[in-house]
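Below is one structure, written out as structure tokens; comments come after it.
The values are calculated or read from the model by the stated rules, or taken from the named source; none is laboratory data. Here the structure is a predicted model, which is why all the values come from computation and not from measurement. Virtual Cβ from ideal backbone geometry, glycine too; neighbours counted across all protein chains shown. Note: accessible area is taken over every heavy atom of the protein model, side chains too, but ligands, DNA and RNA are not part of it. Shrake-Rupley method; radii C 1.70, N 1.55, O 1.52, S 1.80 Å.
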Amino acid sequence: MKLYSYFRSSAAYRVRIALNLKQIPYDVVPIHLLQNGGEQFSPEYARINPNKLVPALVDESAHGNIALTQSLAIIEYLDEVYPEPRLLPEFAVDKAYVRSIALTIACEIHPLNNLRVLNYLEHDLKVSHENKDAWYRHWCEQGLAAVEAMLGRDSRVGKYCFGDAPTVADCFLVPQVANALRVNCDLTAMPTILRIYTACLALDAFGKAAPANQPDAA
């Protein structure tokens, strides 16, 4: 496995967690999103991922030089090819619930706070650094409040987002909370999220995937 990753990318963080939970060995290929004009824009990387985003995963044992992109698609691929431990529940209704949490983060929060969006706000639209951060906090807090409501009303929530074993939902939640804390979002009204976040961080799979523990974090 080769994972093209940037240490602070929450999307790459999700895949690192999934790989660690499944104990799948992988090599990180750092793609620095800020250095050298953004290494994701290089012709070499664009051939791997035409979206010029991270992550991208190459499973050389199965697909040669074909790269998989989009974090949810990658994690679902891993769950099908390496089924233990399961990151998606057995039953369709539970799968839909877990995916709904993941997609609320991936589709409703993350796109508005993606690095390329923030750069466009600040560099092209001349939004001040302070207002850019306020934009980030607004959409992150609003989106996580919706996730808190989803978790708070569902009896399937246990130690983690679904029961007492991590799922795709936790792979998505932890990186988003880490980003929120990094920009000083107010999460005091989100006790369920903070409880699950703390429980996840107690697992080696999450700790090893954290941005500070990546080879390109220096």
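Here are the numbers:
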| item | result |
| --- | --- |
| Global form of the range 60-187, assessed from the alpha-carbon gyration tensor, a/c cut-off 1.5 | oblate |
| Cα Rg, Dmax, the range 1-109, angstrom units | 14.3, 46 |
| Cα-centred dipole magnitude for the range 48-141, charges only on beta-carbon of K, R (+1) and D, E (-1), debye, nearest 20 | 340 |
| Rounded Å value of the spacing that divides the Cα centres of the range 1-65 and the range 147-213 | 23 |
| Pairs beyond 18 Å (Cα-Cα), from K52/K95; K22/K208; K2/K208 | K52/K95 |
| Heavy-atom accessible surface of the chain: percent carbon and sulfur, 1.4 Å | 54 |
| The range 113-218 pair-distance distribution - Cα-Cα, 10 Å bins, rounded % | 13, 40, 32, 13, 2 |
| Three-way shape label, the range 27-76, alpha-carbon gyration tensor, a/c 1.5 | prolate |
| Amide proton proximity set for S5, modelled H, under 5 Å, gap of 5+ | V29, I31 |
| The range 1-152, accessible area per residue, ligands and nucleic acids excluded (1.4 Å, Å²) | 50 |
| Calculated Rg and Dmax of the range 118-160 using C-alpha coordinates, Å | 15.7, 46 |
| Rg ratio (alpha-carbon, reference 2.2 N^0.38 Å) - the chain | 1.00 |
| Against the rule of thumb 2.2 N^0.38 Å, how large the Cα Rg of the range 164-208 comes out | 1.11 |
